[in-house]
Number of protein chains: 2
Amino acid sequence: MRFRLAAAIAAIALAAPAIAQKAPDTPVQNRIIDQALNHSEVMQTAAHLTDSIGGRMTNSPQMREAERWTQQRFRDWGLSNVRADPFEFGRGWSIVSSSAVMTAPRRINLRAIPVAWTPPTDGTVSAQIVVAPMKEAEDFAQWRGKLSGKIVLVSHPGAGSEPERPAFRRLTSEDLAKLGDYEQPAFSETEIAKQLKQAAFEEQRDAFLKQEGALAWVRISPRDGGLLHGTGYSYQVGRTPALSGMEMAAEDYRRLARLALTATPPTLAISSDVRFHDEDTKAYNILADLPGSDPRAGYVMAGAHLDSWVAGDGAQDNAAGSAVVMEAARILATLGVHPKRTIRFALWNGEEQALLGSIAYVEKYLASRPELTDPAQAALSPYYTWRLRWPVTPKPGHRDLTAYFNIDNGSGKLRGIYAEGNVAAMPTLREWIAPFAGMGVTTVSPQPTEGTDHLFMSAVGIPAFQFIQDPLDYGSRIHHTNLDTYDHLKAEDLRQAALVLASLLLKAANADEPLPRMPVPARPAPADPFEYAKPGE
Amino acid sequence: MRFRLAAAIAAIALAAPAIAQKAPDTPVQNRIIDQALNHSEVMQTAAHLTDSIGGRMTNSPQMREAERWTQQRFRDWGLSNVRADPFEFGRGWSIVSSSAVMTAPRRINLRAIPVAWTPPTDGTVSAQIVVAPMKEAEDFAQWRGKLSGKIVLVSHPGAGSEPERPAFRRLTSEDLAKLGDYEQPAFSETEIAKQLKQAAFEEQRDAFLKQEGALAWVRISPRDGGLLHGTGYSYQVGRTPALSGMEMAAEDYRRLARLALTATPPTLAISSDVRFHDEDTKAYNILADLPGSDPRAGYVMAGAHLDSWVAGDGAQDNAAGSAVVMEAARILATLGVHPKRTIRFALWNGEEQALLGSIAYVEKYLASRPELTDPAQAALSPYYTWRLRWPVTPKPGHRDLTAYFNIDNGSGKLRGIYAEGNVAAMPTLREWIAPFAGMGVTTVSPQPTEGTDHLFMSAVGIPAFQFIQDPLDYGSRIHHTNLDTYDHLKAEDLRQAALVLASLLLKAANADEPLPRMPVPARPAPADPFEYAKPGE
């Protein structure tokens, strides 16, 4: 074989029995670096999760296989207490195959993918399209009586993009310096209400389309360049919509929309062969421990979500983070470290379904919030409502978790850490990252961040942190798209991330004192106590 | 209807009978601007060529329809002498449908497209893959005996891109200033020899694969991000290869290549339903005239190629240029101008097949070169050999063509003009573009350019020019890819280009003196008369 991969595979074969280099006079720091750089398995782990298993929607067959395989790997490496920790989720969903073809006025294969959680079509559905953009329930009236027997294009076609910024970039010193600014936390119930309204609208639209006799609907991809997502944010498990939905590449969607204005609107033939999986409605977080020597000292934890959406293979989001967490576990287990505190490794499930796995962990082990009494709110995703329930009541396990590190920002190397408002922890975090300045890890930012599995730990007062990572092309073209495959993972970056994470975990596990904590949060006072609601809110 | 396109269509309806505003006291310059900006049809023309007709491979059914429709439009607008000017080309080729699926170890729809000019598969071909990168005939030996019954992946998988420059850009003043530098012409027979060798290699590889019993071959897309081209540079018409070839998105190709290194190489099911068209082996340039008042004054001409490759709808390449040339014709015809010289509008065919249409025009009307005596060379595309035949003998029509303007650089607005080494013409060109400085047309560059239909006119001494255009995202993601659809055309840019082109044509047609010419080229002296061939050449 003539190419690079052959060498990589040869390296796996040689490294397979990976005997730990036990040289007691070599500092563990340096043995971590040696393991991470010269005996790395992070890319093999990532390759298996992406190439071999593929996209890992919660409770899909692929995610089940990932749950099985990752536990096996943890056991192979000698981790303890490896377990699948269940929480109630609901049915799974997966794509078997799908297609979309414009059959008239000419024949073109269209780039399209089923929208997650929508039901299958009954074989191939062939029908004329209607372009009927709808953004709110008030838009339904003008389409009443016009959608029967049609495939409905529900998005505004918009216009082509002009990408004037580089798709791929790394953080400059200036970028990092800006992250040093402290920002006061802003928790907006108004923003949550907006998101809720959007989710409710999609259910209303589904009901409207069904009632009007539409056959299926198509939305435009939120980005052009042929990218597809298929992300189904608005469909909660257990509230399966009535109609099949597909997301179409923007270029293909807009061509249909233009042709719909000519004499003969196009005809589509679409097929969405998707499956629901009801065999086991529980989802599982995968947990594995490296036991500590002092049971009263508590534990530290690193986590990344193992589940993904459906387009692509869930590589940067988040096989990358999962592989880094697993690699840190492998490194520390292989080196046979015996930390004071237990080090726990978590692969979350249901993150893409609204952080459900990490919420489940918090509720089971860390803190409780009152049940919702309003049945309308209780029916909503906890993502929207969880931070609205006061007070937070810590559980006995709350103080045991002394530091949590989350990784979920693509494949870029670590450049620092967000202290998430925990200003008192910043000097210690700076000390811990100091050895890695030459590897690009320089910055401790006081800023709070959102959107991934540390969020609801921070929200109950756990010292929970997220890393600053080089953005690469994660935000510009990879996040949730069909380009999110192993191709766009960066081996050097992931090796760096694993070695830094392993080192930080060991530092945190062996620290004399646990990290400073924030107070357990209580309902925040309004940002401006004298503010009147704006008109229209 | 709630969106922008509705307004556009309403505008067509209103403008349809487009009565020319004949105000004799209004300068023609301003009437051109009024027609181009307030009564534009350039986007409607482009939409029909792209959305309704689609990709226009020479002698495909789509190109036949484009030949018919463009002639009809020229006639509708009142052009004279509208004709399809034939040249011998050969069979056509078109895609009916195609698909590629990885069926094991898991099922994924792959992004792939037939490579132009390769034959169809016999239904669906299912087989295991072999990754067998081959770059030269010396590479065949190591794959002998290993390819029978396989689908062969013939490219090196390479690695993912890191696009660190913006995909979309316009020329800055600094960019334009650099274009002012004169570069001595460089004509390299060595470079041509290299291209020839590559073309010959692809034929050898086809024969080798056939002989080894391979079922089909797959190459990697030259760009990642899911882009597909399907361009078949190496297959000359009449030399149809034996095996079906497909081009696959880089991300999909590399996933296959990685999985091929695991225990069970993947199995593909590919189908390439393509058709050859032998009904009429002639291709046709479309020509239309606006007759001049002085038959002895000769003519000026604007041209753009109407044919395209197969991926996408041939929008920036080159429905854009074709629509601009047609719009300039519409504007001048609608205004009823009566120029001194005839203004000819040309829509070239076979440009993507190596400038064949414009070469045919040159050979028929402008100049001859000796026939090739070496049968091996005579069998090759004229693109490679045409400039190797000396001397050039001008035909009587040579002096009649006093200026040729070519447009083929995407959808960006005009920023100036390449004088193509014709330094004596620069003052006149500067004078002609001066009124458009406020529209961004500021630069006359002395530089020679290649790669499109002015090339072989320059090569026989015709004053033939190409425009400097804003690059937009043409080079970064549109050129020859499946993103080359109407979406990425810019209406404002194309309106500007049409009005500038119409004005320049009228200036050139009415000029007292024809533009200065270059001498008729003779075989160039070697750049360094004392240079020894480098080792290995």
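The values are calculated or read from the model by the stated rules, or taken from the named source; none is laboratory data. Since we're looking at a predicted model, the values are computed, not measured. Counting neighbours? That spans all protein chains shown, and the Cβs are built from the backbone with ideal geometry, glycine included. Ligands, DNA and RNA are excluded from the accessible area calculation, which covers all protein heavy atoms including side chains. Shrake-Rupley method; radii C 1.70, N 1.55, O 1.52, S 1.80 Å.
For segment A:253-267, a residue qualifies if it is closer than 17 Å to A:Ala216 by Cβ and open to solvent by 10 Å² or more (accessible area, probe 1.4 Å), and the qualifying residues are A:Ala260, A:Pro265, A:Thr267. Counting only helices (runs of 4 or more DSSP H) wholly contained in segment A:1-84, the ones carrying 1 or more residues that are modelled with pLDDT under 95 occupy A:4-15, A:28-38.
Rundown of residues vs (1) buried (at least 23 other Cβ atoms within 10 Å of the Cβ); (2) among the basic types (Lys, Arg), yes/no style:
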site: B:Glu363; (1), (2): no, no
site: B:Glu371; (1), (2): no, no
site: B:Pro382; (1), (2): no, no
site: B:Thr385; (1), (2): no, no
site: B:Trp390; (1), (2): no, no
site: B:Lys395; (1), (2): no, yes
site: B:Ile407; (1), (2): yes, no
site: B:Thr428; (1), (2): no, no
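Residues are listed down the side, and each one gets a yes or a no for (1) within 19 Å of A:Arg223 (Cβ to Cβ); (2) of a type in the set (A, V, I, L, M):
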site	(1), (2)
B:Glu450	no, no
B:Asp453	no, no
B:Phe456	no, no
B:Gly461	no, no
B:Phe465	no, no
B:Ile468	no, yes
B:Tyr486	yes, no
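Of the numbered criteria (1) more than 14 Å from every other protein chain (Cβ to nearest Cβ); (2) charged (D, E, K, R); (3) touching a strand residue (DSSP E or B) at 6+ places or on another chain (Cβ under 8 Å), the one B:Arg68 fails is (3). Yes or no: A:Ile270 touching a helix residue (DSSP H, G or I) at 6+ places or on another chain (Cβ under 7 Å) and either in contact (Cβ under 8 Å) with a residue 24 or more places away in the chain or open to solvent by less than 30 Å² (accessible area, probe 1.4 Å) (or both)? Answer is no for this residue.
A:Val423 meets each of the listed conditions (1) open to solvent by 30 Å² or more (accessible area, probe 1.4 Å); (2) in contact with a Lys or Arg (Cβ under 7 Å, 6 or more places away or on another chain); (3) among the hydrophobic types (A, V, I, L, M, F, W, C) apart from (2). B:Asp273 meets each of the listed conditions (1) away from every other protein chain (no Cβ under 14 Å); (2) modelled with pLDDT of 95 or more apart from (1).
Residue check: is B:Lys135 open to solvent by 20 Å² or more (accessible area, probe 1.4 Å), more than 9 Å from chain A (Cβ to nearest Cβ) and within 25 Å of B:Ala263 (Cα to Cα)? For B:Lys135, the condition - open to solvent by 20 Å² or more (accessible area, probe 1.4 Å), more than 9 Å from chain A (Cβ to nearest Cβ) and within 25 Å of B:Ala263 (Cα to Cα) - is not met.
Within segment A:472-491, restricting attention to residues that are within 12 Å of another protein chain (Cβ to nearest Cβ) and part of a loop (DSSP other than H, G, I, E, B), which residue is surrounded by the fewest Cβ atoms within 10 Å (Cβ to Cβ)? The residue in question is A:Lys490. What do you reckon, is A:Glu203 surrounded by 15 or more Cβ atoms within 10 Å (Cβ to Cβ), over 21 Å from A:Ser94 (Cα atoms) and in the same structural domain as A:Val125 (by TED's automatic domain parsing)? So A:Glu203 fails the test.
Check segment A:99-120 and report whether any residue there is assigned by TED's automatic domain parsing to the domain that holds A:Met326, aliphatic (A, V, I, L, M) and touching a strand residue (DSSP E or B) at 6+ places or on another chain (Cβ under 7 Å). No, there is no match, as no residue in segment A:99-120 is assigned by TED's automatic domain parsing to the domain that holds A:Met326, aliphatic (A, V, I, L, M) and touching a strand residue (DSSP E or B) at 6+ places or on another chain (Cβ under 7 Å).
Among the residues of segment A:221-242, those identified as closer than 24 Å to A:Ala200 by Cα and within 13 Å of another protein chain (Cβ to nearest Cβ) are A:Ser221, A:Arg223, A:Leu228, A:His229, A:Gly230. When each of B:Ala36, B:Ala66 is tested for being within 19 Å of B:Ala319 (Cα to Cα), under 19 Å from the mean Cα position of the chain (by Cα) and touching a residue at least 60 places away in the same chain (Cβ under 8 Å), the lone residue that passes is B:Ala66. With respect to the conditions (1) open to solvent by less than 40 Å² (accessible area, probe 1.4 Å); (2) touching a helix residue (DSSP H, G or I) at 6+ places or on another chain (Cβ under 9 Å); (3) among the charged types (D, E, K, R), B:Arg219 lacks only one, and its number is (1). No other residue among B:Ala320, B:Ala311 is among the hydrophobic types (A, V, I, L, M, F, W, C), open to solvent by less than 10 Å² (accessible area, probe 1.4 Å) and assigned to a helix (DSSP H, G or I) apart from B:Ala320. Yes or no: segment B:243-252 includes at least one residue that is within 14 Å of chain A (Cβ to nearest Cβ), open to solvent by less than 10 Å² (accessible area, probe 1.4 Å) and part of a loop (DSSP other than H, G, I, E, B). Scanning segment B:243-252 turns up at least one residue that is within 14 Å of chain A (Cβ to nearest Cβ), open to solvent by less than 10 Å² (accessible area, probe 1.4 Å) and part of a loop (DSSP other than H, G, I, E, B). Would segment A:453-466 turn up any residue that is in the same structural domain as A:Ala46 (by TED's automatic domain parsing), surrounded by fewer than 21 Cβ atoms within 10 Å (Cβ to Cβ) and under 20 Å from the mean Cα position of the chain (by Cα)? Within segment A:453-466, one or more residues are in the same structural domain as A:Ala46 (by TED's automatic domain parsing), surrounded by fewer than 21 Cβ atoms within 10 Å (Cβ to Cβ) and under 20 Å from the mean Cα position of the chain (by Cα).
Within segment A:327-343, can you find the residues that are outside any loop (DSSP other than H, G, I, E, B) and either at pLDDT below 95 or surrounded by fewer than 24 Cβ atoms within 10 Å (Cβ to Cβ) (or both)? Matches in segment A:327-343: A:Ala333, A:Thr334, A:Leu335, A:Thr342. Of the residues making up segment B:96-132, those that are over 15 Å from B:Ala216 (Cβ atoms) and facing chain A (nearest Cβ under 9 Å) number 8. Residues in segment B:379-395 include at least one that is assigned by TED's automatic domain parsing to the domain that holds B:Ser52, without any contact (Cβ under 8 Å) to a residue 60 or more places away in the chain and in contact with a Pro (Cβ under 6 Å, 6 or more places away or on another chain). The set of residues in segment B:145-162 that are under 21 Å from A:Phe168 (Cβ atoms) and either small (Gly, Ala, Ser) or surrounded by fewer than 20 Cβ atoms within 10 Å (Cβ to Cβ) (or both) comprises B:Gly158, B:Ala159, B:Gly160, B:Ser161, B:Glu162. Only a single criterion out of (1) within 14 Å of chain A (Cβ to nearest Cβ); (2) at pLDDT 95 or above; (3) closer than 25 Å to A:Gly54 by Cβ is not satisfied by B:Gly160, namely (2).
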